[in-house]
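Notes for the one structure printed next.
The values are calculated or read from the model by the stated rules, or taken from the named source; none is laboratory data. Just so we're clear, the structure is a prediction, and the values are computed from it rather than from any experiment. Cβ coordinates were reconstructed from backbone atoms using ideal geometry, including for glycine residues, and neighbour counts include every protein chain displayed. Remember, those area values only see protein heavy atoms, side chains included, never the ligands or the DNA or RNA. Shrake-Rupley method; radii C 1.70, N 1.55, O 1.52, S 1.80 Å.
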Amino acid sequence: MKQRPGPWLLLVALMFLLTGCGERPGGLRFAVGGAPHEAAFWQVLVEEFRAETGIDVRLDRQPTDTDLRRQELVFALQARQSDPDLFLLDGAWLAQFAAADWLMPLDPEEMEADAFFERVIAMADTYEGALVALPVYVDGGVLYYREDLLAAHQIDGPPETWSELIEIGARVQAGQRARDPHFYAYVWQGAQYEGLVCNFLEIAASAGGGIRFEEGDVEIDTPANRRALSLMVDLIHRHEISPPNVYTEMKEEESRLFFQNGRALFERNWPYAWARHRAADSPVRDQVRIAKLPHFAGGRSASTLGGWHIGVSRFSDHPEEARRFVRYAVSRAVQKRLAIELGWNPGRTDIYGDPDVRAANPHFAVLADIFAQAVARPTVPYYPIASKALQRHLSAALSGRLTVAEALRGSQEAVEEIAATYAEP
Ligand code: GLC
């Protein structure tokens, strides 16, 4: 009679299956987040890369929120984990990763660094003279608007100043409320996270303000910045043209869906939303248009410079293969698809003149202007910590727990302390 395997044998077999005999299954691990359709895009790419090179790349799916994505990576890198081998990095935290020595230097020639936006390579992707990442795409804040609703109210075009936005917004909102009691004129990203700082910075810059986080040169509590934060508070509480959930929960996807479902006249978001608004299943597909963000009278339109980069972990066990994937992800062919399929703005400049890219994205012409004026966030390594302090105070002002003056004075003091603690001796 045959003996049946003992329970221990089953256990060993199970462990063998689960751990893939001690080998890490799937070759390279690539951490990516973003909206669901973006993960689908990367999935297609890694499959094609495997077919071409025989190298397996598994996607580690990350959240959409940049702060949560950073946290996950920081845990892995602080523990010197070899997984993930590569990841997408927000320009906002690149300096922190580079200063911590978590990024494998890349060869500029091999990566064709010359083909990318020079300013972005210099400001974000180069650390102490070494190339540590490459820009996959660049971002800047834009204004989406409903052309049909403006026309229905005999308004010629999008607002150029914030007062125009308020005036037009209130008028159209009042008209639309009869049909939809939850209609609001303007949605943006006001939740307590990095996006709030981006929204604040561009409004501040449109009033002639801005932020600086350098030690001995912290600039937050200024008259222009107070004007900007007052405007944000007023949009919600005084003019009531932005819904209260702007500050309780609106990040990129929440505002995009609100607008896309036809419930708002204006929306501040990044360029990725364009392709979603224009998708076949979008209720506002034919009505949406894009413009520069408004500015204060006497100021000029400004957008926060954003964007995502690709880098290789210092602790990767497969640096050669990882670099090969980086080369592939930022190749002309892939960058072109990224522009056409996702509507993202490629980090490579040699894509913009391509006739297919132009045909698929006629709005890139508006964006070129926007990027030229985009304002960068401070590039200090302790940026994420200082940004958190600013987020807390801005959010307290939006919810009415602090006055605008208290919030900016409080952030100024908090960031001065952070800068003094983290700055190099
Ligand atoms: C976008 C930008 C990024 C920014 C983030 C804030 O993803 O590309 O730079 O930090 O939004 O939510």
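Remark: the Ala280-Glu341 segment gains 20.6 nm on full extension, using 0.36 nm per residue and subtracting the alpha carbon distance. Across region 28-117, the fraction of Cα-Cα pairs farther apart than 24 Å, rounded to a whole number, is 27%. Between the C-alpha center of region 172-201 and that of region 220-277 there is a gap of 4 Å.
Per-atom-type breakdown for the chain gives carbon and sulfur 52% of the accessible area (1.4 Å probe, protein chains only). Each principal axis of the Cα atoms in region 351-394 has its own extent, and those three values, largest first, are 44, 21, 17 angstrom.
Considering only Phe97, Ala39, Tyr137, and ranking their Cα positions along the charge dipole of the chain that arises from unit charges at the beta-carbon of Lys, Arg, Asp and Glu, the one farthest toward the positive end is Ala39. Relative to the longest principal axis of the Cα atoms of the chain, the long axis of helix 223-237 lies at roughly 90 degrees. Each residue was assigned an accessible area with a 1.4 Å probe, and for Phe116 the value is about 10 Å². Spatial offset of region 295-363 relative to region 56-132 amounts to 14 Å, using the alpha carbon center of each. Dimensions of region 66-197 along the principal axes, based on C-alpha atoms and rounded to the nearest Å, stand at 58, 33, 21, largest first. Taking a ≥ b ≥ c as the square roots of the Cα gyration tensor eigenvalues, region 92-167 comes out prolate, since a/c reaches at least 1.5 and a/b is larger than b/c.
With a ≥ b ≥ c the root eigenvalues of the C-alpha gyration tensor of region 163-317, is it rounded (a/c under 1.5), prolate (a/b larger than b/c) or oblate? Oblate, since a/c reaches 1.5 and b/c is not below a/b. Length gained on full extension, Ala170 to Glu240: 24.4 nm, using 0.36 nm per residue less the C-alpha separation.
The equivalent ellipsoid of region 121-164 has semi-axes of 42, 11, 5 Å, largest first, where each one is the square root of 5 times an eigenvalue of the Cα gyration tensor. Dividing the Cα radius of gyration of region 146-223 by 2.2 N^0.38 Å, with N the residue count, gives 1.45.
Residues His153, His237, sorted by accessible area with the largest first, give His237, His153 [1.4 Å probe; ligands and nucleic acids excluded].
Return the tail of the calculated pair distribution for region 286-353, meaning the percent of Cα-Cα pairs more than 15 Å apart.
That fraction is 69 percent.
Across region 279-398, the relative contact order, built from alpha-carbon pairs under 8 Å that are at least six residues apart, equals 27 percent. Summarising the label geometry, the points placed 7 Å from Cα in the beta-carbon direction at Thr64 and Ala100 lie 2.5 nm from one another. Computed from the Cβ-Cβ distance with R0 of 22 Å, the FRET efficiency linking Glu112 to Ala365 stands at 0.30. Averaged over its residues, the chain has an accessible area of 44 Å² per residue, based on protein heavy atoms and a 1.4 Å probe.
Computed on region 53-151, with alpha-carbon pairs under 8 angstrom and 6+ residues apart, the relative contact order is 20 percent. Amide hydrogen proximity for Val375: with H placed 1.01 Å from N in the peptide plane, the residues at 5 or more positions away or on another chain lying under 5 Å are Ser303, Thr304, Leu305. With all pairs of separate Cα atoms included, region 301-425 yields a Kirkwood hydrodynamic radius of 18.2 Å. Each peptide in 139-146, 251-258, 416-423 receives the mean, over its residues, of other Cβ atoms within 10 Å, and ordering these scores from highest gives 139-146, 251-258, 416-423. Note on the chain: Cα Rg divided by 2.2 N^0.38 Å, N the number of residues, gives 1.06. Under the criterion of Cα pairs below 8 Å and six or more residues apart, the relative contact order for the chain equals 24 percent. When nucleic acids and ligands are ignored and a 1.4 Å probe is applied, Arg314 ends up with an accessible area of around 90 Å². Rolling a 1.4 Å probe over the protein heavy atoms leaves Arg409 with an accessible area of roughly 120 Å².
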